[in-house]
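First comes the structure, then the notes that go with it.
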Amino acid sequence: MSLDEDARWLEWVTKQFESIAGEDKEIDLEEFKTALKVKESFFAERFFALFDSDGSKTISLDELLEALDLLIHGSETDKLRFLFQVYDVDGMSAYIFITLQQTIDKDFSWPAGSGSIDPDELRTVLKSCLRESAISLPEEKLDDLTLALFESADKDNSGSITFEELKAELENFPEVMENLTISAANWLKPPGLEQKKGRHTPRYLTPAYWHNNSRKLLFLCAYTCLNLLLFITAMLKNAEGGFWYMVAKGCGQCLNFNCTFVMVLMLRRCLTWLRATWVVRVLPLDQNILLHQMVGYAIVTFSTVHTTAHFMNFVHLSQNSSYSLWEHLFTTRPGIGWVQGSASLTGMVLQIMICLMVVCSSTFVRRSGHFEVFYWSHLSYVWVWALLVVHCANFWKWFVVPGVIFLLEKLVGVAVSHMGGLYIVEVNLLPSKVTHLVIKRPQFFHFKPGDYVYINIPDIAKYEWHPFTISSAPEQPDTLWLHIRSMGQWTNRLYEYFRQPDSQVVSTKRLSASLKDRRHQRRAQLSENHRFCNVKCFVDGPYGTPTRQIFASEHAVLIGAGIGITPFASILQSIIYRMRKQNCPNCSYSWCENIKDSEMKLRKVDFIWINRDQKSFEWFVSLLTKLEMDQADEEPEGRFLEMHMYMTSALSKNDMKAIGLQMALDLLAKKEKRDSITGLRTRTQPGRPEWGKVFQKVAEEKKGKVHVFYCGAPALAKLIKAQCEHFGFNFYKENF
């Protein structure tokens, strides 16, 4: 580092030290644990002992600077020796760092300890690694991991691992040595060493962004120009009324358009139909929810300016007429409006209702477990439209055609949802608080992979409808699957409803004979949380999503975060049916039965599933196992489907607290040909994907035009979309 960087580094470390040190200007073990925020005290105690070079049971500022210098600037050998001392549990409890003076001293040598790692020490460390990474494995599996790593590292079969043997073993994992550090000690990193980001062109000004978002941007330009045209035209027609009157009329005309257009964007059946036509290549149909939100904000803006302009105009009128300001605002005496002078009163009510609708539909309300607030407040759109007809003499002209279509969609939805008897026939409650519903599928119900439905369960909430993605394949004829994560009031009530051990809803008396036969065949598989039932429900849909375009892609990258895998579960199952191998009963010839070949353009599929914890993988692990079995005979580089699993709570391979565990997991996975965390052949990777490297590999495969489909948290969507723009990939995000 330069002198300036050294000064900033020292200032930063001193500031961090003072923030956690006690009055004695020393850091004790408890303060050290708090600062590191480690889950397992084993590592905190080991790191503390190694940082405490003088054995005083406290860490001074000088000791902290020496430790930081080694962890950030030290050589690979220095870091490896530190790692070896952590694993050498019965070695010396203090680790003397090499200072500048000690480096000059040619007679300096590392402190003597046991000098080796035995199996018990390795097992102790791996057990702590599992806890630190929030991974739960049985004791037998821990023994297998210990044995796999120990046998691989103990080259001379001496019964212990020396420093040289550990170093040689780590050389087999070059990616680990690129950035060996302690992630929990991020508070130690000086700002001068953080990854410096150069001044790049803002993302929204890059050619790639404009190219990949051309449909949306052109649509927004046309939308903006149309609003400007309506505003200016209305102002000019009412020029005789003065400035504020002109502004009010201009905003009013824009409100006529936007209060109708906001409804057009939610004509789900029409949009689903249009997705199957050429229109999807011209209009941004896949972003109708985003556009609906933008139009909603435009309505609030226009209505606020409209109300303010009328208020200012009323102030002017009250000075030149017999009516006061409050009479213009809160009475019908001035006779303003085409329905008995009610324009002012209806306008005030509309302003309040529109503001409440926007506030209650905000992200912090919908995603904070209060979805019902959003749901019921949004239903007030019926009253808003009714008041608009009364408020404005011309609104009905804008509203009549889209309103009739909207009404027909609602009537069709009611008719479809009440056709036939729909019943939840099976339920599986997963420990991760996900409710897996199996619904008896009616014969008239046809959908495509990735579609979603609205479901109403009267026993949970009589009048509430909630959208969920279908997780079963359309080729599965008898049932319809939904996987519902407990996040809000309705979903929590659903989970608790089916948890009742003696609930009448799990009675099997009314089940059909076929379902009874299936029950007997699978009785051995049923657990306390897996039961049959006969619960009445209503389903409205299906409705299309961007994922409908997957089978028209050449190289599809499916990215699911958590329960966001649900649309891809349906798609992956559909792929199984479409690409299933058939074997001739009379010979060994086999072929692939490709259903609807004209619709199937896929040459390669990369499936990426990101989960926070180990339990979340239980949702679809059986499905993924089937997918792997179908490709068991194919070489990895020639596989049509390639899967990538990530567990974000697990520490990365570069972290000193996880390096041994990740090495052991890799070795055991190669030996057993099965991942210890999920049971799949695909190895679960720790941490988060490095999207730059992931997409670079996809681009190098050259399997055709790449389309990336994502379902999950919005924050991650922004990151992935930015990478797609960089690589020139098309990006589609699930919205409903």
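The values are calculated or read from the model by the stated rules, or taken from the named source; none is laboratory data. Bear in mind that the values here come from a model prediction, so they are computed numbers and not experimental data. Cβ sites come from the backbone with ideal geometry, for glycine too, and all protein chains shown count toward neighbours. Accessible surface is based on the protein model in full, side chains and every heavy atom, while ligands, DNA and RNA are left aside. Shrake-Rupley method; radii C 1.70, N 1.55, O 1.52, S 1.80 Å.
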Helices (runs of 4 or more DSSP H) contained in the range 362-469 and holding at least 3 residues closer than 20 Å to N492 by Cα: 363-366, 371-378
Hits in the range 296-341 (condition: within 25 Å of F231 (Cβ to Cβ) and among the small types (G, A, S)): G296, A298, S303, A309, G337
Selection within the range 614-653 - in contact with a Lys or Arg (Cβ under 9 Å, 6 or more places away or on another chain), modelled with pLDDT under 80 and under 14 Å from D675 (Cα atoms): E628
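For the range 551-568, which positions are in a helix (DSSP H, G or I) and surrounded by 24 or more Cβ atoms within 10 Å (Cβ to Cβ)?
Scanning the range 551-568 gives I565, T566, P567, F568.
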Residue under evaluation L83, criteria (1) among the aliphatic types (A, V, I, L, M); (2) at pLDDT 75 or above; (3) in contact with a strand residue (DSSP E or B) (Cβ under 7 Å, 6 or more places away or on another chain), criterion not met: (3)
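Table: residues versus (1) under 27 Å from C355 (Cβ atoms); (2) in contact with a His (Cβ under 7 Å, 6 or more places away or on another chain); (3) open to solvent by 50 Å² or more (accessible area, probe 1.4 Å); (4) part of a helix (DSSP H, G or I).
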{"residue": "L226", "(1), (2), (3), (4)": "yes, no, yes, yes"}
{"residue": "G250", "(1), (2), (3), (4)": "yes, no, no, yes"}
{"residue": "C259", "(1), (2), (3), (4)": "yes, no, no, yes"}
{"residue": "M266", "(1), (2), (3), (4)": "yes, yes, no, no"}
{"residue": "L283", "(1), (2), (3), (4)": "no, no, yes, no"}
Test: residue in the range 720-736 that is open to solvent by less than 40 Å² (accessible area, probe 1.4 Å), in a helix (DSSP H, G or I), in contact with a Cys (Cβ under 7 Å, 6 or more places away or on another chain) and at pLDDT below 85: no
Failed item, numbered, when G450 is tested on (1) over 25 Å from the mean Cα position of the chain (by Cα); (2) on the phi > 0 side of the Ramachandran plot; (3) small (G, A, S): (1)
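Within the range 427-446, take every residue that is more than 24 Å from V621 (Cβ to Cβ) and of a type in the set (A, V, I, L, M, F, W, C) and give me the one that is least open to solvent (accessible area, probe 1.4 Å).
Taking the candidates together, the pick is F445.
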Residue in the range 687-705 that is farthest from L122 (Cα to Cα), counting only those that are in contact with a helix residue (DSSP H, G or I) (Cβ under 6 Å, 6 or more places away or on another chain) and open to solvent by less than 30 Å² (accessible area, probe 1.4 Å): F695
Filter result for the condition that a residue is modelled with pLDDT under 75 and open to solvent by 50 Å² or more (accessible area, probe 1.4 Å), over E66, E23, E30, E40: E23
